[in-house]
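Notes follow once the structure below has been shown.
The values are calculated or read from the model by the stated rules, or taken from the named source; none is laboratory data. Keep in mind that what you see is a predicted model, and the values were worked out from it rather than measured. Reconstructed Cβ throughout: ideal geometry from the backbone, glycine too, with neighbour counts over all protein chains shown. Ligands, DNA and RNA are stripped out before the accessible areas are found, and what is left, the full protein with its side chains, is counted by its heavy atoms. Shrake-Rupley method; radii C 1.70, N 1.55, O 1.52, S 1.80 Å.
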Amino acid sequence: MDNVQETILEIDLKALQHNFKYLKSRLHNNTKFLAVVKAFAYGSDAAEVAKYLEQLNIDYFAVAYTYEGVALRDAGITTPILVLHPQPISFDDIIKRCLEPSIYSQRVLDLFIASAEIHKQHNYPVHLKFNTGLNRLGFGQKDIPKIAQALSKTEAIKVTSLFSHLAESEVLDDTDFTKSQIESFTKIYKDVYATLSYKPFLHICNTSGIINYPEAHFDMVRSGIGLNGFGNDPEVNKHLKPIAALKTNISQIHHIKKGESLGYNRAFIAQEDTRTATLPLGHADGIKRQYGNKKGFVTINNQKAFILGNVCMDMIMVDVTNIKCKEGDQAIIFDDKHTAEDLAGQVNSISYELLTAVSQRVKRVIRR
């Protein structure tokens, strides 16, 4: 086992390649693939992940906010980038950096057209987002006439794609809602097509949609968590490899006698003589206060060491009473065996939340 000397997040690009190839194998040859790299590529390193995927001929990237897309452009990414939740204040930057906005309301449409016209754009690519049941962002079917009217009055923009977002594509014991979303999207795109002289491409499937609804792959699919090695299903997970591993080392070992306390608020009182190890990461690094008091564990020398007491800002303490270890030994928070999904599940959370919570002060180490 390689020993680490500080807290690091390892990013395995070969695992990323494996996941990309597996998900691509579920698609028709002509179906485009969009990689979602928002939130630092789900807590890893957006620039490194995007550069690697660009080498694998990814078709599109998506980010949540404009500054994330600007960062990718600054890193040299030239592949099209969809901004999923652009704010009007950033429209100038979107155009200057050749980013492609999701247009999800009449207000946003009108404001972006105005911005594109000011910048003397012609057929600037935009993507129309439709709400089919997630009820978060998006036009409704009733909005299509007004959209068509606005588009007919300008040549500054052109619709590149129409898309929507599935709400529960991973839930297989109730598929009716997802099927109704797909049906709604089908009606919407046919209505939009009737108002245009061209056909924007279509996408609705996320990672679980790729796996569970091949009939809805349309022209492109989107994946974020799947590329990171999680398929929202144990059977799917067997085919994927988590790309991130959070590792640290033991700073100090303490011997706490029965009746003594540990940590803030004396949240742990030893019921027997206890040997503890202090690790250099805490809630400022992404290990939230839901953990602790034996909720959650790290792995030291292939054994579980449960988190004791309250999680501190910069440290956690774990029980190593029955583990043969010494100061400087490696501790694994999560990796491809004890996964982020497993750890998150111990506090009724999900892999997405744990991965994206890993602080940017944690050093990223890229494994190629």
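Kindly indicate whether residue 173 is at pLDDT below 95 and either surrounded by 14 or more Cβ atoms within 10 Å (Cβ to Cβ) or not β-branched (Val, Ile, Thr) (or both).
Details: at pLDDT below 95: yes; either surrounded by 14 or more Cβ atoms within 10 Å (Cβ to Cβ) or not β-branched (Val, Ile, Thr) (or both): yes.
For residue 173, the condition - at pLDDT below 95 and either surrounded by 14 or more Cβ atoms within 10 Å (Cβ to Cβ) or not β-branched (Val, Ile, Thr) (or both) - is met.
Please indicate, with yes or no, whether at least one residue in segment 350-361 is modelled with pLDDT of 95 or more, open to solvent by 80 Å² or more (accessible area, probe 1.4 Å) and more than 18 Å from residue 11 (Cβ to Cβ). Can you show your working first?
Pass one, segment 350-361, residues modelled with pLDDT of 95 or more: 350-361.
In the following step, the residues that additionally are open to solvent by 80 Å² or more (accessible area, probe 1.4 Å) were identified as 350, 353, 360-361.
So of that shortlist, the ones also more than 18 Å from residue 11 (Cβ to Cβ) come out as 350, 353.
So far as segment 350-361 goes, yes, one or more of its residues are modelled with pLDDT of 95 or more, open to solvent by 80 Å² or more (accessible area, probe 1.4 Å) and more than 18 Å from residue 11 (Cβ to Cβ).
Would you pick out the residues in segment 337-349 that are within 15 Å of the chain's Cα centre (by Cα) and either touching a residue at least 12 places away in the same chain (Cβ under 8 Å) or open to solvent by 60 Å² or more (accessible area, probe 1.4 Å) (or both)? First the steps, then the outcome.
Taking segment 337-349 first, the residues within 15 Å of the chain's Cα centre (by Cα) are 340-341, 344, 349.
If the condition is that a residue be within 15 Å of the chain's Cα centre (by Cα) and either touching a residue at least 12 places away in the same chain (Cβ under 8 Å) or open to solvent by 60 Å² or more (accessible area, probe 1.4 Å) (or both), then 340, 341, 349 are the ones that fit.
How many residues are of a type in the set (D, E, K, R) and touching a residue at least 40 places away in the same chain (Cβ under 8 Å) when one looks only at segment 188-228? Steps first, please.
Step one: of segment 188-228, the residues of a type in the set (D, E, K, R) are 190-191, 199, 215, 219, 222.
Okay, now just the ones that are also touching a residue at least 40 places away in the same chain (Cβ under 8 Å), so 191, 219, 222.
The number of residues fulfilling the criteria is 3.
Looking at 122, 85 in this structure, which one is surrounded by 15 or more Cβ atoms within 10 Å (Cβ to Cβ) and not in a helix (DSSP H, G or I)? Outline the logic, then answer.
Details: 122 fails: surrounded by 15 or more Cβ atoms within 10 Å (Cβ to Cβ).
It is 85.
Within segment 194-218, count every residue that is in a loop (DSSP other than H, G, I, E, B), crowded, with 16+ Cβ neighbours inside 10 Å and hydroxyl-bearing (Ser, Thr, Tyr). Show your work before the answer.
Residues of segment 194-218 that are in a loop (DSSP other than H, G, I, E, B), as a first pass: 194-200, 204-206, 213, 217-218.
Add one more test, that the residue is crowded, with 16+ Cβ neighbours inside 10 Å, and what stays is 200, 204-206, 213, 217-218.
Pick out the ones that are also hydroxyl-bearing (Ser, Thr, Tyr) and you get 213.
Count: 1.
Name, by its number, the condition in (1) open to solvent by 30 Å² or more (accessible area, probe 1.4 Å); (2) within 17 Å of residue 186 (Cα to Cα); (3) part of a strand (DSSP E or B) that does not hold for residue 129.
(1)
Given (1) open to solvent by 10 Å² or more (accessible area, probe 1.4 Å); (2) of a type in the set (Val, Ile, Thr); (3) assigned to a strand (DSSP E or B), identify the lone condition not met by residue 159.
The number of the failed condition is (1).
Test each condition in (1) assigned to a strand (DSSP E or B); (2) open to solvent by 50 Å² or more (accessible area, probe 1.4 Å) for residue 221 and report the one that comes out false.
Going through the list (1) assigned to a strand (DSSP E or B); (2) open to solvent by 50 Å² or more (accessible area, probe 1.4 Å), residue 221 breaks only (2).
Give me the strands (runs of 3 or more DSSP E) completely within segment 235-348, filtered to those with at least 1 residues that are within 30 Å of residue 208 (Cβ to Cβ), of a type outside the set (Ser, Thr, Tyr) and at pLDDT 95 or above, ordered by residue number. Outline the logic, then answer.
Numbers: elements: 244-249, 252-256, 274-279, 297-300, 303-308, 316-319, 330-334.
The qualifying strands (runs of 3 or more DSSP E) are 244-249, 297-300, 303-308, 330-334.
Would a scan of segment 224-234 turn up a residue that is assigned to a strand (DSSP E or B) and either touching a helix residue (DSSP H, G or I) at 6+ places or on another chain (Cβ under 6 Å) or under 20 Å from residue 298 (Cβ atoms) (or both)? Talk me through it step by step, then tell me what you get.
Step one: list which residues in segment 224-234 are assigned to a strand (DSSP E or B), which gives none.
No, the conditions are met nowhere in segment 224-234.
Could you tell me which of the residues 9, 34, 16 is assigned to a helix (DSSP H, G or I), crowded, with 17+ Cβ neighbours inside 10 Å and out of contact with any Asp or Glu (no Cβ under 6 Å at 6 or more places or on another chain)? Outline the logic, then answer.
Numbers: 9 fails: assigned to a helix (DSSP H, G or I); 34 fails: assigned to a helix (DSSP H, G or I).
Answer to the selection: 16.
Take residue 99 and decide whether it is without any contact (Cβ under 8 Å) to a residue 60 or more places away in the chain and touching a Gly at 6+ places or on another chain (Cβ under 6 Å). Break it down into steps so the answer makes sense when it comes.
Values: without any contact (Cβ under 8 Å) to a residue 60 or more places away in the chain: yes; touching a Gly at 6+ places or on another chain (Cβ under 6 Å): yes.
The answer is yes for residue 99.
Take the residues in segment 291-336 that are open to solvent by 20 Å² or more (accessible area, probe 1.4 Å) and of a type in the set (Phe, Trp, Tyr); name whichever of them is farthest from residue 266 (Cα to Cα).
In this case the residue turns out to be 297.
Report yes if residue 134 is among the hydrophobic types (A, V, I, L, M, F, W, C), within 30 Å of the chain's Cα centre (by Cα) and open to solvent by 40 Å² or more (accessible area, probe 1.4 Å), otherwise no.
Judged against the criteria, residue 134 is a match.
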